[in-house]
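Visitor: If you scroll down you'll find the structure; I have some questions about it.
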Amino acid sequence: MAEDQSLKPLPVPNADTAAFWEGCACGELRLQRCTACGTAQFPPRVVCAACQSGAPAWEVASGRGRIASYTRVHRPPSPAFKADLPYVVALVALEEGPRIMLGLRGAAAEAPRIGDAVLIRFDPPAGPHGIALPYAVAMEDA
Amino acid sequence: MSRRAIITGAADTAVGELPGSSCMGLHAEAASLALADAGLRAADIDGVLCAYSFTEPHLMLASVFCEYFGIQPAYSAAIQAGGATGCLMVMQAAALVEAGLCRHVLVVAGDNRLSGLSRDKAVAALAEVGHPQFERPFGVTIPALYALVAQAYMHEYGATPEHLAAMAVACRTHATRNPKAQMRKPITVEDVLASRFIAEPLRLLDCCLISDGGAALVVSAADAARDTARRPVAVLGTGQKNTHEHLVAAPSLTEFGCRESAAQAFGRAGVSPADIDVAEIYDSFTVTLLVELESIGFFQKGEAGPAALAGALDLGGRLPCNTHGGLMSYAHSGAAGGLFHVVEAVRQLRGEAEARQVPGAELAFVHGDGGILSAHCSLVLGRA
């Protein structure tokens, strides 16, 4: 089936990202923080991108942030997303600093504005790797 | 005598929908046209730079091309930097001849991504540029990623949908004077604003085309350039800058590496934006062009849109820009898309641009952007 939602490109965790996706599956947004310079980073990797020190530490983030930008998508990348059209994708600046990309749901998707406060939540784990994708709702909906 | 590299040959194939074309066939056709333009034989070429292909992808595209074309140059390599590739190949070719490693470098790209892929397949293939774990799962396309930039830029600097539309109108206005352009029907700001949304605020006419086509250049060492037929064009300055690959990891949503890339090129050429007679600037989307015009220094922040609405990018304007019609109205066939801008700059500097000629053009600026304003490369070209 061309419209099969299961054809969406779900993440395949690797050594860099497994801890992040494990966190999502238990309802935690996990970020890395450099033990040398203190910079928080996302996406996860084996080095700090600010100072190149190794082994950044994992921490549980607040899950709070503000919309840095958004777009309502009308033309999907593949038929797997067709049933969702139109949908709103946003970049959210987390309280800890890094930006994350995700979908907006509920009132947050109705009339998004840059700067709006949002809270990150997670879909139920799905697919062979038990991926719980994050999404964001308006702070007042939380 | 200056050791600056000289562009001695420049050509492109027909563009648009070319049934029966192949990726390597377009490469070969563009290469033959550029060699003829330079007055050189294939055996004169001792360096080859290729890019990438969607329809005939290969790990070693330069070797594939050289085998297909029947040449065995002393040096060949493929470069992949998305939309920055065209300028980057010229920058690399110039470095090779200025270092004395090659005399005549052939730069060639082409793809039949319109007739060789469905439009859906091309959109899907391009979307794979997104981060596989942290962007693509959310259903983003290349237009959606640029739409995120557009929304942030409009919020920060007050650009409007009309300002974006003015970029598309400027490119189309130029294309109406170019008999080779894929899209030649005049459009207005209202037409752009009435076209359907792709990813808000970007509409169909805010987006570049998908095309078949190929382009090639010959970049020669200064002392070798005198063997060739045409009026030479010098590579006066080059620059490059990468700040990120994925938008999710970009240091800013409104400040990009085009500023530093262009500053390097201007600095090496010893000129400033105000000296430029004609600009050919990567226009994958209207927002791409608007951000680059303001970041590079041709216009102040918030000024490019109103200026374009008043005709600043047209012939006779402050900065005639994308005189061939750009990616939005001339054609976009992968890495060749960025080379079309370079080929047009060469034609302008030689005075060969016919109805779209900028009178007396002596200095041209060319810019390519790859990824989501991730990788940038800038060229300053001038009459030699």
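The values are calculated or read from the model by the stated rules, or taken from the named source; none is laboratory data. Note that the structure is predicted; figures quoted are calculated from it, not measured. Glycine gets a Cβ as well: all are built from the backbone with ideal geometry, and neighbour counts include every protein chain shown. Surface areas here come from the heavy atoms of the whole protein model, side chains and all, with no ligands, DNA or RNA. Shrake-Rupley method; radii C 1.70, N 1.55, O 1.52, S 1.80 Å.
Visitor: Scan the stretch A:85-124 residue by residue and report those that are of a type in the set (Lys, Arg) and open to solvent by less than 50 Å² (accessible area, probe 1.4 Å). I'd like the intermediate steps shown before the answer.
Guide: Residues of the stretch A:85-124 that are of a type in the set (Lys, Arg), as a first pass: A:99, A:105, A:113, A:121.
Selection gives A:ARG99 alone.
Visitor: Out of curiosity, is B:ALA262 open to solvent by 30 Å² or more (accessible area, probe 1.4 Å), in a helix (DSSP H, G or I) and of a type in the set (A, V, I, L, M, F, W, C)? Walk me through it before giving the result.
Guide: Numbers: open to solvent by 30 Å² or more (accessible area, probe 1.4 Å): no; in a helix (DSSP H, G or I): yes; of a type in the set (A, V, I, L, M, F, W, C): yes.
Considered against the rule, which asks whether it is open to solvent by 30 Å² or more (accessible area, probe 1.4 Å), in a helix (DSSP H, G or I) and of a type in the set (A, V, I, L, M, F, W, C), B:ALA262 comes out as no.
Visitor: Given the criteria over 13 Å from the mean Cα position of the chain (by Cα), more than 10 Å from chain B (Cβ to nearest Cβ) and part of a strand (DSSP E or B), does A:GLU59 qualify?
Guide: On the way: over 13 Å from the mean Cα position of the chain (by Cα): yes; more than 10 Å from chain B (Cβ to nearest Cβ): yes; part of a strand (DSSP E or B): yes.
Yes.
Visitor: Restricting to the stretch B:255-298, name every residue that is under 19 Å from B:ALA234 (Cβ atoms) and either at pLDDT below 95 or among the acidic types (Asp, Glu) (or both).
Guide: Listed by number, the residues that qualify are B:ASP275, B:ASP277, B:GLU280.
Visitor: Please specify each residue of the stretch B:1-26 satisfying the condition of being part of a helix (DSSP H, G or I) and more than 18 Å from B:LYS180 (Cα to Cα).
Guide: From the stretch B:1-26, those part of a helix (DSSP H, G or I) are B:23-26; that's our starting set.
Selection gives B:CYS23, B:MET24, B:GLY25.
Visitor: Exactly one of (1) part of a helix (DSSP H, G or I); (2) in contact with a Ser or Thr (Cβ under 8 Å, 6 or more places away or on another chain); (3) within 30 Å of A:CYS48 (Cβ to Cβ) is unmet by B:GLU255. Its number?
Guide: The one condition B:GLU255 does not meet is (1).
Visitor: Looking at (1) of a type outside the set (Asp, Glu); (2) in a loop (DSSP other than H, G, I, E, B); (3) without any contact (Cβ under 8 Å) to a residue 24 or more places away in the chain, which is the one condition that is false for B:LYS121?
Guide: Going through the list (1) of a type outside the set (Asp, Glu); (2) in a loop (DSSP other than H, G, I, E, B); (3) without any contact (Cβ under 8 Å) to a residue 24 or more places away in the chain, B:LYS121 breaks only (2).
Visitor: So, in the stretch B:198-240, how many residues would count as being open to solvent by 60 Å² or more (accessible area, probe 1.4 Å) and modelled with pLDDT of 95 or more?
Guide: Filtering the stretch B:198-240 down to residues open to solvent by 60 Å² or more (accessible area, probe 1.4 Å) leaves B:204, B:223, B:226-227, B:229-231.
Right, trim to modelled with pLDDT of 95 or more and you get B:204.
Summing the residues that are open to solvent by 60 Å² or more (accessible area, probe 1.4 Å) and modelled with pLDDT of 95 or more in the stretch B:198-240 gives 1.
Visitor: While we're looking at this one, here's another question. How many residues are in a strand (DSSP E or B) and either out of contact with any Leu (no Cβ under 6 Å at 6 or more places or on another chain) or surrounded by fewer than 17 Cβ atoms within 10 Å (Cβ to Cβ) (or both) when one looks only at the stretch A:29-47? Spell out the reasoning first.
Guide: Within the stretch A:29-47, the first condition is being in a strand (DSSP E or B), and the residues that meet it are A:30-33, A:40-41, A:47.
Right, trim to either out of contact with any Leu (no Cβ under 6 Å at 6 or more places or on another chain) or surrounded by fewer than 17 Cβ atoms within 10 Å (Cβ to Cβ) (or both) and you get A:30-33, A:41, A:47.
Number of matching residues: 6.
Visitor: Let me ask another. So which residues in the stretch A:69-84 are open to solvent by 20 Å² or more (accessible area, probe 1.4 Å) and in contact with a strand residue (DSSP E or B) (Cβ under 7 Å, 6 or more places away or on another chain)?
Guide: As a first pass, look at the stretch A:69-84 and keep what is open to solvent by 20 Å² or more (accessible area, probe 1.4 Å): A:70, A:72, A:74-75, A:78-79, A:82-84.
Hits for the stretch A:69-84 are A:TYR70, A:ARG72, A:HIS74, A:ARG75.
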